[in-house]
1. Using the Karplus curve 6.51 cos²θ - 1.76 cosθ + 1.60 with θ = phi - 60°, work out ³J(HN,Hα) for each residue of the stretch 46-58 in order, rounded to whole Hz, and write x for Gly and Pro.
2. Rounded, prolate or oblate: pick one for the stretch 160-258, where a ≥ b ≥ c are the square roots of the eigenvalues of its C-alpha gyration tensor, a/c under 1.5 means rounded, and failing that, prolate if a/b is larger than b/c, else oblate.
3. Over the chain, what is the relative contact order in percent, taking alpha-carbon pairs closer than 8 angstrom and at least six residues apart?
4. For the stretch 103-117, in order, what is each residue's ³J(HN,Hα) by Karplus, 6.51 cos²θ - 1.76 cosθ + 1.60 with θ = phi - 60°, in whole Hz (x at glycine and Pro)?
5. Arrange the peptides 92-103, 173-184 so that the one whose residues have, on average, the most other Cβ atoms within 10 Å appears first.
6. Scale the Cα Rg of the stretch 311-410 by the rule-of-thumb value 2.2 N^0.38 Å and send over the ratio, two decimals.
7. Dipole size in debye (nearest 20) for the chain around its Cα centre, Lys and Arg Cβ +1, Asp and Glu Cβ -1?
8. Rank the residues 33, 398 as a footprinting-exposure proxy: fewest other Cβ atoms within 10 Å of their Cβ go first.
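Read-outs throughout are calculated quantities, based only on the coordinates presented, and are distinct from any laboratory measurement. Keep in mind that what you see is a predicted model, and the values were worked out from it rather than measured. No Cβ is skipped: glycine too gets one built from the backbone with ideal geometry, and neighbour counts run over all protein chains shown.
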Amino acid sequence: MTALPPGKAWTRNIEPIAHIDLQDRPAFKMALHKSGDRWYFYCAHLWVSGWSIVEVTDPANPRFVRFIEGPANTWTLQIQIADGLMITSMEKIPDGWGGESGAPFGEGFYIWSLEDPEDPKRLGHYRTGGAGTHRNFYDGGRYVHTTALPEGYDGHIYQIVDIADPANPVEVSRWWRKGQWIAGGEEGVEFGTMLHGGAYVKGDRAYLPYSAGGFVILDISDKSKPAMVSELPFSPPFQSFIAVHSAVPLNGRPLVVVNSEAISERCDEPLGYAGIVDVKNEAKPRLISLFPLPHPPKGMEVKNFCERPGRFGPHNQHQSQNQQVLWQDENLVFLTYFNAGLRVFDISDERAPKEVGYFIAPDPQVRRGPLPITGLAAQSEDVVVDARGNIFVSDKNHGVYVLRYRPSKQ
């Protein structure tokens, strides 16, 4: 087994089995791919422009393959893999996140072939004509569902892009909340009204976590004309900037797991949440339950996670996206909570979600980026779970943990 970083980890029903240091480049979003009998882990980096490849056929002994450098002065945060293609986002870096103001940057997304999983070949480049794409959704086929910031808009919007010819990707349509199209004479929107966490597509519906704009369901049966089905506001009472970060529908039940994203460090903002929306009547979606708030384990010597440095609150869920290489059990939700680590929730009873496991990594000992500003604490960012049950969790300032959920018999 690869050596784990020094320091104390806090865990319940989760066993760490490896750590991938990624040559000191912290990961952000992650994806998995299987080629023959070999498993590969791919990640987009946070403080460095580019992507890394690691063979994880034996997850306890990962083999670093290579780093692919991305465009300078560019956020390359997000990565999606399906049908042997890899989609990697590129975006202008916001102020305060390590970019060089006024310098050139890459934008849009690249399309790669994974015919050789250790040496991806770039097939095409989609450009938004603005600041690029943040989080995109791709589950195979000809369409990429982007979170994009083209020129002339106030905040990110939803775009559908046809990649049937990867060398010449073409926008099919776009959808935005009223007020965003300032170049078209609209007045702008309230702070935080933007698509952020990325669409999730299920059949002819796109589920949009539209931040302060709420949870939105679109009919995309005609991809050239996305149409509103319904919306469910979340702010107020919850925090407004990214009031809905993720909206992940289940396949077997008419439910969508939603969550906000914690933004301000030490909880200097209104309450965040994770919960379940019932969409049986999709014209009238309704919030039916909230996940319990994580509490510090005994011995951590803080009353609550707000006393810890960095952010506390939900961020990213594991998203199965109908990929055979990914975990498909819809009774468990794997959700990162920044300084509260990875949390695992049992939602077999959708009216009473319960926490059944957690893993809080040791605090990093070396700072790799400018955040968090209130102290160098673990900040679990993203989670993806492979079909074998291996859990991969990224951190803002150190590598990726490989974990296994080991539920107690109680």
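1. Values, residue by residue: 9, 9, 10, 7, x, 9, 10, 10, 9, 7, 10, 4, 9 Hz.
2. Working: a/c = 2.00, a/b = 1.15, b/c = 1.74.
Since a/c reaches 1.5 but b/c is at least a/b, the shape of the stretch 160-258 is classed as oblate.
3. Details: 1191 pairs, mean separation 60.2, N = 410.
That works out to 15 percent.
4. With the stated coefficients, the stretch 103-117 comes to 7, x, 8, x, 8, x, 8, 9, 10, 10, 8, 10, 4, 9, x Hz.
5. For the peptides 92-103, 173-184, the packing ranking is 173-184, 92-103.
6. 1.11
7. Values: 40 positive and 48 negative charges, 181 e Å.
It works out to roughly 860 debye.
8. Going from least to most buried by this count: 33, 398.
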